[in-house]
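Following: one structure in structure tokens, then a few remarks.
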Amino acid sequence: MAYSDRISYRPLYQKQTYSIWMFPRIFRSIAACLSLIIFIAIPLIHLNKRHIETNSSLFHKSNDNKPFFNSISKNIIVVIDGDQQATSLQPIYCKLSKKAENVYTHVIVTGKNRGMSGTRLIRFNSLLSNCDVSVYDLELRKGISSNENILPLVFQGINHALDQIRPDVVIYINDPENEAMRGVDAALVAASQSNNHITKIAIPIEHTKHLMWLPDLSFESLKNWNTPKINLQIITQNRPESLTRLIKSLNSSIYFGDDVSLTINMDRGADPVTIKFSQTLEWNFGQKHVRHRVIQGGLLTAVVESYYPSDDNDYSIILEDDIELSPFYYIWAKYGVLKYRYGNDRSLSGRMFGISFYNIKINELNMAGRIPFNPALNLRGTKYPNQSPYLSQVPCSWGALYFPEIWREFRTYQNIRLNDVLGLKLQDITVPESRSNRWSRSWKRFFIELAYLRGYVMLYPNYENFISFSTNHFENGEHNRRGKKKEPFQLPLMNESILLDGLPGNRLPNFKDLPTMDLWGKVTPQNELIQRGRNLQLKISTCPPNDFGDLTYDPQDLLCVDEEILRTKMMKESNQSKSKSKTDEVLNTSNGIKMNKQTTKEDNSAENPTIDKISTLDDKVKDSPLGEQIIPFDDKEEDSSLRKQIVPLDDKEKDSSLRDQIIPFDDKKDSSLRDQIIPFDDKKEDSSLREQIIPFDDK
């Protein structure tokens, strides 16, 4: 009993002792864990904050009147990794901060361990006036010696910044070897998958110095940085040296990392050297395509068929192979497209059909011929600066970019016009006082007609001394068969970056501030150009002009024909066709009879026009039924029955019955058969046999 009591007592005693011992230990463990959590959490919270922004005093130094985050306003983020990138991008983001469109510019740096801290950048910005940007510092503390850890840290920081700031545009340096910039790429990809429409502008660092025009773009233009797709169309045939020079200039140009496709369009007559060069050339700025026509098309066909826009953001630069380009031609093109097509002026530029690279100094449309042209002189004394870019109705074929809507309209217009020119000829469209009306083989003739009728215009550069983005070497070809002088067409190329310095106010003028010139270079308000076209339409088309501001990009109303005239013309054509068919039938029947009964008697006469028509080998009417009955003299078929009936002129057989029936023309005998033959110089109009003979010039 005593033993049992002792056994039952000990567990009770031990259990109480254990509980008393455990409670303090549990409390101490919990306290230690909480301390550890707090110890870890405080630095993490601090680091998380430092990943996004520097301390408040730094922000307030440059952003007293701007909120740090404003998801409602228009926000631009510029990401900088190191002092070299800061130096390259500072002129751009400082100018962006001055935009008066309620636009806020935020600059994110990767930290002092990467070469540029937020504090240092603010001091850097303070050296410039009005550089009002918000500065944020990712403070990258890890991965300084190990690049593989940089990407996830940048990804995390940028991802958080995108979520907080909600920018529309992110600008940074395109450098695939830089892990920090790859982290920015990855964050933007992740954001795009979350349906966040953020425009990325990633520029190679060596091209940032050519991007000083970017702040001139409106916020909408910036958002559409990647929207226009610009492709290159090269027209060539058998000038490999010219093509090589053009490709060299294209490869030396600046494209800001854009994807620019290249298509080489070779006509059927392309020589082997051109074909080989086109197949093997390298193009590192986008896709390359090579086309080779099966049927010779000529320059008109080659140009017009080279481009048909897939949508309204598909632009084409059309280049003949004797053109050479400035390294800055693409900058001029992209700047103009973004400013006038996607910016605040897009509602005003609906009649603008392209951008010329050529600073024209010859007017080709004067009825007396080509005359010198200097736009600076024409602008002198007007309200416009002498060197202002200008709008002209003349389409450029010596290096230009064309817009999709009007080019599509032009394709339809030209198809209808060509069908009419080759068919019923119902449309009598003549541009008043324009030499282009004589250009039967030029696509520009039809484009000039359309531009005149619609009041369409193209943007031209106007730099001092005719400095140009393209030049024309004017080498022998379809439109220069006589080796005309090249000097009037060759211009000095812009080989130094004066694109902005040569513009009034160092920027492209707003659309309403551009001077407009007519086909002959006279400064003319655009409304007057539109009215001229409407007046011509009233004369040539039965359809009335569209409303003054209505742009359909459909040429049908320009080409309406009176139904009565159309019906009369079609009936006339039908009657002529029937008459021709009946004439052909009579001709075939009559000639068939003559072939069987008479002409074999006259085949030996070299002076007989009838024989000339029947048996001449260069006869162009290959499809004539009569022609099918004629056996060429080089026919080798020995079994031909008709061949056997023809007696060779050198036949020596005296006994040939057929030979005996042929009366030589120098035969002086009074042959009765001879009397039946009527010489072709017979003047008797009443001859019945004469009437049966159909002259061979009868249509």
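Things to note:
- In segment 264-283, the residue that is surrounded by the most Cβ atoms within 10 Å (Cβ to Cβ) out of those that are more than 20 Å from Asn251 (Cβ to Cβ) and among the acidic types (Asp, Glu) is Asp267.
- In segment 228-251, the condition of being surrounded by fewer than 17 Cβ atoms within 10 Å (Cβ to Cβ) and either within 18 Å of Glu305 (Cβ to Cβ) or touching a Ser or Thr at 6+ places or on another chain (Cβ under 9 Å) (or both) is met by no residue.
- Unmet criterion (only one of (1) assigned to a helix (DSSP H, G or I); (2) under 21 Å from the mean Cα position of the chain (by Cα)) for Lys539: (2)
- Residues that are among the basic types (Lys, Arg), over 21 Å from Thr208 (Cα atoms) and touching a helix residue (DSSP H, G or I) at 6+ places or on another chain (Cβ under 8 Å), drawn from segment 94-125: Lys112, Arg120
- Flag if Phe474 is at positive phi and within 25 Å of the chain's Cα centre (by Cα): yes
- Number of the condition not met by Glu364 [criteria: (1) among the charged types (D, E, K, R); (2) over 18 Å from Phe466 (Cα atoms); (3) more than 17 Å from the chain's Cα centre (by Cα)]: (2)
- Subset of segment 67-94 that is crowded, with 18+ Cβ neighbours inside 10 Å and charged (D, E, K, R) - its residue that is modelled with the highest pLDDT: Asp81
Every residue, every condition in (1) touching a Phe, Trp or Tyr at 6+ places or on another chain (Cβ under 8 Å); (2) polar (S, T, N, Q); (3) farther than 18 Å from Leu246 by Cα, yes or no:
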site: Glu320; (1), (2), (3): yes, no, no
site: Tyr330; (1), (2), (3): yes, no, no
site: Leu338; (1), (2), (3): yes, no, yes
site: Ser349; (1), (2), (3): yes, yes, yes
site: Ile371; (1), (2), (3): no, no, yes
site: Leu377; (1), (2), (3): no, no, yes
site: Gly381; (1), (2), (3): no, no, yes
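- Within segment 367-397, tally of residues that are of a type outside the set (A, V, I, L, M), surrounded by 21 or more Cβ atoms within 10 Å (Cβ to Cβ) and either in contact with a Gly (Cβ under 6 Å, 6 or more places away or on another chain) or more than 24 Å from Asn506 (Cα to Cα) (or both): 4
- So Glu364, is it assigned by TED's automatic domain parsing to the domain that holds Trp398, surrounded by 15 or more Cβ atoms within 10 Å (Cβ to Cβ) and acidic (Asp, Glu): yes
- Scan of segment 297-343 for residues that are at pLDDT 95 or above, part of a loop (DSSP other than H, G, I, E, B), out of contact with any helix residue (DSSP H, G or I) (no Cβ under 6 Å at 6 or more places or on another chain) and not acidic (Asp, Glu), ordered by number: Ser306, Tyr307, Tyr308, Ser310, Asn313, Ser326, Pro327, Phe328
- Scanning segment 337-348 for residues that are surrounded by fewer than 22 Cβ atoms within 10 Å (Cβ to Cβ) and within 12 Å of Lys512 (Cβ to Cβ) yields Asn344, Asp345, Ser347, Leu348.
- Subset of segment 172-214 [under 27 Å from Phe328 (Cα atoms), within 30 Å of the chain's Cα centre (by Cα) and of a type in the set (A, V, I, L, M, F, W, C)]: Ile173, Ile201, Ala202, Ile203, Ile205, Leu211, Met212, Trp213, Leu214
- Selection of first residues in segment 435-450 that are closer than 18 Å to Leu536 by Cα and of second residues that are among the basic types (Lys, Arg), restricted to Cβ pairs under 8 Å at least 6 apart or on distinct chains, gives the following pairs, ordered by first then second residue: Ser436/Lys444; Ser436/Arg445; Asn437/Arg445; Phe446/Arg417; Glu449/Arg417.
- Segment 305-328 residues that are under 20 Å from Arg239 (Cα atoms) and in the same structural domain as Lys444 (by TED's automatic domain parsing), paired with ones that are surrounded by 19 or more Cβ atoms within 10 Å (Cβ to Cβ) and of a type in the set (Lys, Arg) (beta carbon under 6 Å, 6 or more apart): Asp321/Arg239
- The residue that is surrounded by the fewest Cβ atoms within 10 Å (Cβ to Cβ), counting only those in segment 542-558 that are in a helix (DSSP H, G or I) and of a type outside the set (Asp, Glu), is Gln556.
- Subset of segment 344-361 [at pLDDT 95 or above and within 25 Å of Lys486 (Cα to Cα)]: Ile355, Ser356, Phe357, Tyr358, Asn359
- Residue list for segment 438-464, restricted to those being modelled with pLDDT under 95 and either polar (S, T, N, Q) or part of a loop (DSSP other than H, G, I, E, B) (or both): Trp439, Ser440, Arg441, Ser442
The values are calculated or read from the model by the stated rules, or taken from the named source; none is laboratory data. Everything numeric here is computed off the predicted structure, so don't read it as measured data. Glycine also receives a Cβ, built like all others from the backbone with ideal geometry; neighbour counts cover every protein chain displayed.
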